[in-house]
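The values are calculated or read from the model by the stated rules, or taken from the named source; none is laboratory data. Here the structure is a predicted model, which is why all the values come from computation and not from measurement. Every residue, glycine among them, receives a Cβ derived from its backbone with ideal geometry; neighbour counts consider all protein chains shown. Protein only, heavy atoms only, side chains kept; ligands, DNA and RNA dropped before computing areas. Shrake-Rupley method; radii C 1.70, N 1.55, O 1.52, S 1.80 Å.
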Amino acid sequence: MAWRNIMASILEAALDHIEASCTSGEADAARCAKALVAAADALYTPLKPIDSGLGEARRIATSFASLVANVFIYNAASNKGEEFIKSVMQELKETIKSDEPLEEAKSILEKVSAAMQPARLDDSREAVFNEVRDYLEPPQPAIPRRRRRQPRRPDPLQNIRRLIRELGRRDPLLAKQVARILKARGLPV
């Protein structure tokens, strides 16, 4: 039960950090990209000691990183617009390549009094980038159709609901906590 509370509190602190860096006031694309990558790093940090290489901890960290990215997309699309999200994607390309965990991840962990050294996971960083990229450049269907249609842009709310459902299959209590956090932020989940 304790690890669920840690993950939920780190998620809440990461969302606060992203909201302060990305959607409130004068938001800078580079600072926002760093905040997104730092959130991915911070969400993997408590899972690193139990990551046995089988992939479960990595899957949880990746789904949390995707969740954070979709919350950012939902808020930024309604507040800042598509041009801001494009500039954040350009900055994300460079930011995810850094070899060390970002300092912002340490500040996110300090907000929840988690005395852990931040850890980085390439999968969760790439999940953040892929969510933003797929929103801006929707993937083409694999099977060619007769009529050429514009590919539909993924809906961030549908992605958030899907990620919570998938998390609920693994851990229903954690999924309820995450849904409660997102509802408190005003997301219709």
- Within the range 107-133, of all residues that are crowded, with 18+ Cβ neighbours inside 10 Å and of a type in the set (D, E, K, R), the one modelled with the lowest pLDDT is Arg120
- Task: Could you grab me the full set of residues in the range 86-106 that are buried (at least 22 other Cβ atoms within 10 Å of the Cβ) and within 24 Å of Arg153 (Cα to Cα)?
- Result: Val88, Leu92
- Task: State the number of residues belonging to the range 167-179 that are surrounded by fewer than 14 Cβ atoms within 10 Å (Cβ to Cβ) and either closer than 15 Å to Ser63 by Cβ or at pLDDT 95 or above (or both).
- Result: 3
- The condition from (1) touching a helix residue (DSSP H, G or I) at 6+ places or on another chain (Cβ under 7 Å); (2) modelled with pLDDT under 90 that Met89 misses is numbered (2)
- If you scan the range 16-32, which residues turn out to be out of contact with any Phe, Trp or Tyr (no Cβ under 9 Å at 6 or more places or on another chain), assigned to a helix (DSSP H, G or I) and not polar (S, T, N, Q)? Asp16, His17, Ala20, Ala30, Arg31
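Every residue, every condition in (1) modelled with pLDDT of 95 or more; (2) surrounded by 19 or more Cβ atoms within 10 Å (Cβ to Cβ); (3) of a type in the set (Gly, Ala, Ser), yes or no:
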residue: Met1; (1), (2), (3): no, no, no
residue: Asn5; (1), (2), (3): no, no, no
residue: Ala20; (1), (2), (3): no, no, yes
residue: Asp28; (1), (2), (3): no, no, no
residue: Cys32; (1), (2), (3): no, yes, no
residue: Asp41; (1), (2), (3): no, yes, no
residue: Tyr44; (1), (2), (3): no, yes, no
residue: Leu47; (1), (2), (3): no, yes, no
- Can you tell me which residues in the range 22-63 are without any contact (Cβ under 8 Å) to a residue 40 or more places away in the chain and among the hydroxyl-bearing types (Ser, Thr, Tyr)? Ser24, Ser52
- Query: Would you call Ser78 open to solvent by 70 Å² or more (accessible area, probe 1.4 Å) and without any contact (Cβ under 8 Å) to a residue 60 or more places away in the chain?
  - Reply: yes
